[in-house]
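Report on the structure given below.
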Amino acid sequence: MHGYEIANSIQRISDDVLQVEEGSLYPALQRMLIKGWVTAKWGTTAGNRRARYYQLTAAGRKQLAVEMSQFERVIGAITRVIEAV
Amino acid sequence: MNWLREVARRLRMLVHRRQFDADLEEEMQLHLELRQQEHLESGMTADSARAAARRRFGNVTAFREKSHMAWGWEWFENLVQDVRYGLRMLRKNPGFTSVAVLTLALGVGANTAIFSVINAVLLSPLPYKNPQQLVVMRGNDSPPNVRDIQRQARAFSEGGGINVQKMDYTGGTEPVQVRTGLVDAGFLETLGVQPMLGRLISPVEDMKGGPRLAVASYSFFQNFLGSDPHAVGKAIPLGGNTYTVIGVMPASFTPPVEHADVFVSMWAGDPGAAAERDLHFMHTYWRLQMGVGLAQAQAEMAAIDRRLAEQYPAEEKERKMQLVPLQEWLVGDVRPALLVLFGAVGLVLLIACANFASLLMAREVARHQELVIRAALGAGRGRLIRKTLTESALLSVLGGAAGLLLAQWGTRMLLALKPEKLARLSGIHMDTRVLLFVLVVSGLTGVVFGMAPACAAARGDVAEALNERGRSTTASATGDRLRNILVTSELALALVLLVGAGLLMKGFSRLRSRNPGFNPANVMTMYLQLPPTRYGEISKQTQFRRELLARLNSLPGLQAAMVTDIPLGGNYVDHGFVIDGHPPVAVGGEPEVQTLSVMGDYFRVMQIPLRVGRDFTPLDREGQPLVAIVNEEMVREFFPHENPIGARIHWARETEPLQWMTVIGVVGDVKHSGLDQPVDPAVYTPFAQSNEIWRSFMTLAIRTRDVSSGLVEEVKKQVWGLDSRIPVSDVHTMEELMAVSLAQQRFNMLLLGLFAALALVLAAVGIYGMMAYHVGQRMHEIGIRIALGAQRRDVLRLVLGDGAKLACFGIAIGIAGAIALTRLMTSLLFEVKPTDPETFAVVTILLANVALVACYVPARRAMRVDPIVALRYD
């Protein structure tokens, strides 16, 4: 997916709940490129325009799993705290 | 491994960062356009579609910067920018740049050159195995004593001694003298350097009747053995005997003090001396046992001394051998000179730094407006400081590099000037330590002395500064005060250096004008030694001497004589003696005098004045009553209240019948050991009446109308006409020997003089720059004064008054500093007090005049100010 598609898919999947400034996607992508979690390759869009396509790497997937479990732990904790009230 | 890949990615981005920026731009542009397209399709107008897309995207520029900065190269890009900017500024101000770089280069260069010497002399370890364990015995000892110490001492793991004697080497085209180190087996072993070829002399070979073995130095190997890799086993003719080469030392090896071309066993080279307990002529080196300190070794030495004294009361009564660490022994007397020079050169660096800083500050003030505008446009204070610092760092790097070049040239000059004491230092070179030194010195200079102006520049209220609209009175009071302090301290430091140099110069001229006791002009000297194998009897030696002098004196235009040891030649022999009729002295406790044998009209040739009595005549020869001539010091010390003429003396420890000598004359004192050394009492005797066969050497002294090399060839011809196998060596004019004996003082004086001159120039530039800047700042004010009727004279007084105030202040502080500091160089001064008022006065006047001239140039400019122009100035 290229940047625009990523922004769109975030929006679509989250049912428009997550609406941030779309530009902030790009610094985030740079940080993931540095870490090697994603790779970027130039390709052509359906409309025949040049676009940079990002793809998750194995390291990225691993990191995702780590982040997910971390996130779930936090969410779980928050949920438990809220339910206990 | 992960972080490595990450670094690689970051580096790739850095290299392709233009491409990176373009890609990012394209990517964001596509995003915006696609979003805009979407809005258009949902029925918006083109304008509102673009606006909505932008709104949703956010601040494009900010995200671009954030994406760029995510890669972490911001600092680097800033640096590149600062450096590029700095270089452009430096290129645009060639005058400022060259003065600043040159100032630093002089300071750094002089420091580096001196540091290279210090590095080689004081800091580098000696080229021996574990050199910190090596100690030296102060004073010489005899071979039997050395053997006893080797056997008894527990404090030493090894030890050995050496005595260098000249021996004839007759294996070449013409007979030459080589310096032969007579050693025991322990000597080379103790220094712990392995031979390059073959082996060393072993203890079993180093004994009475042992084989004649030789270990060659590398230079002997090159010069006389043709660098033959199969030289081991070769037979060489040395001192009338044949020796077998068993080893060759590496090129890097030289004994700590002694210069020897070849090493032979003491028992083989001089078996007579090797057995004599009372011939103290071996210089010994000892290696401390692991874990043994100097004090412990010294205590054991004292015990051995006592034992030896009990065992051999006649020879060893007053034994007191003192151990000195080798390093200290070697550099002990050059250390103070080097440290004073290092201190001096440090002051030069300080002056250079002060100059550098005040240059920078003056420029920052001139550029204040630019900085203020930058600050107003949003440049952070830190960034401004960094920019200014980058510039001063650039200058200091340039200055350091130029200084390194200067240092290279300077070290070469130092080596050319080096006195004999620094002879060990052929190895002075720039090593990593020296380079590190330069790096640190110039880097610190740039940062520390660039920091003050940088901070001063970044300080201040933007709005207020802008309001002043570039009026050149922006110079802050603190900045002015700081610059005044810098110039004042430059002058003070320069004064200290000038006083130091002045004191040395005065001492040197005193030393040089000192009467050596003889006339060195037009005297040529040469050294001869008769091989004991063929001249084993006094009569043969005397016959050779008499015949040689007869032949030489028959040549036109010269007068020749001979003496055992020539003044300033570095050698002399002391003998104990007894005076007839004086209270008896205990055996072993007799007073010692320098003893010299002469033949020919020695006193006439050297122009040593005869004070009382008569000179030797050819009739004072063998078989006639023994006679002696003494010097004035001898009379002062031993015949203070009596007429020395007719007094009788004999050498100590003589067996009956005593050989009484009658004093027939008194001659003037001669500075035998050096112009700065005290005169020892001396006794001259005729060579023909000598009974010491071992003193088979002599130094010819030949006075001629012109000292040319033709003379040397003529003398060699005459010598070889008598005996073709006698080498003629140590050919010097007496004036050369004088120069050598002055070399250390000359070296000190020249260097300190050079540094002082450097300091003077730098300080002059400093005060000039300061005053010129000052006048520039006050152009407006001066214009008003002139417009209001001030006379040129008044303006001149105004400007000069400012300069004079600084100069007086600097000089006063400098005098105080000099009084405090010159005490440290007392040991370098010859007959001059470190607070010599004359030197202080002359130096103060000199510096005041230089400061006055440096102020006068800008003052003249101020005088010529045209009020109309000055008022329009801004």
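Things to note:
- Hey, A:ARG80 facing chain B (nearest Cβ under 10 Å), of a type in the set (D, E, K, R) and in a helix (DSSP H, G or I) or not: no
- Residue selected from segment A:16-34 under the condition at the interface with chain B (Cβ under 7 Å from one of its Cβ atoms) and among the charged types (D, E, K, R), by the criterion farthest from B:THR61 (Cα to Cα): A:ARG31
- B:TYR85 satisfies every condition listed in (1) exposed (fewer than 15 other Cβ atoms within 10 Å of the Cβ); (2) within 14 Å of chain A (Cβ to nearest Cβ); (3) in a helix (DSSP H, G or I) except (2).
- Checked against (1) of a type outside the set (Asp, Glu); (2) under 28 Å from B:SER202 (Cβ atoms); (3) not in a helix (DSSP H, G or I), B:TRP267 passes all but condition (3).
- Every condition in (1) touching a Ser or Thr at 6+ places or on another chain (Cβ under 9 Å); (2) at pLDDT 90 or above holds for B:VAL487 except the one numbered (2).
- For segment B:677-780, the strands (runs of 3 or more DSSP E) that sit wholly inside it and include 3 or more residues that are assigned by TED's automatic domain parsing to the domain that holds B:GLY557, touching a residue at least 24 places away in the same chain (Cβ under 8 Å) and within 25 Å of B:ASP620 (Cβ to Cβ) are B:682-686, B:697-704.
- Residue pairs meeting the criteria (Cβ under 6 Å; at least 6 apart or on separate chains; first in contact (Cβ under 8 Å) with a residue 12 or more places away in the chain, in segment B:548-563; second of a type in the set (Ser, Thr, Tyr) and part of a helix (DSSP H, G or I)): B:ALA561/B:TYR602; B:VAL563/B:TYR602
- Meets criteria (within 27 Å of the chain's Cα centre (by Cα), closer than 16 Å to B:GLY500 by Cα and assigned to a helix (DSSP H, G or I)) for B:LEU824: yes
- For A:ARG50, the test of being of a type in the set (D, E, K, R) and at the interface with chain B (Cβ under 10 Å from one of its Cβ atoms) is passed.
- Of all the listed residues (B:GLN19, B:GLN36), the sole one being within 14 Å of another protein chain (Cβ to nearest Cβ) and in contact with a Lys or Arg (Cβ under 8 Å, 6 or more places away or on another chain) is B:GLN36.
- Residue check for A:LEU56: more than 9 Å from chain B (Cβ to nearest Cβ) and closer than 19 Å to B:TRP3 by Cα: yes
- Within segment A:23-69, considering residues that are assigned to a helix (DSSP H, G or I) and among the basic types (Lys, Arg), the one nearest to A:TYR4 (Cα to Cα): A:ARG31
- Residue count for segment A:2-36 under the criterion of being at positive phi and modelled with pLDDT of 85 or more: the result is 1.
- Considering only residues in segment B:49-76 that are surrounded by 13 or more Cβ atoms within 10 Å (Cβ to Cβ) and without any contact (Cβ under 8 Å) to a residue 12 or more places away in the chain, the one that is farthest from the other protein chains (Cβ to nearest Cβ) turns out to be B:ALA51.
The values are calculated or read from the model by the stated rules, or taken from the named source; none is laboratory data. For clarity, every value in this text was computed on a predicted model and none was experimentally measured. Quick reminder, even Gly has a Cβ in these numbers, built from the backbone with ideal geometry, and neighbours come from all protein chains shown.
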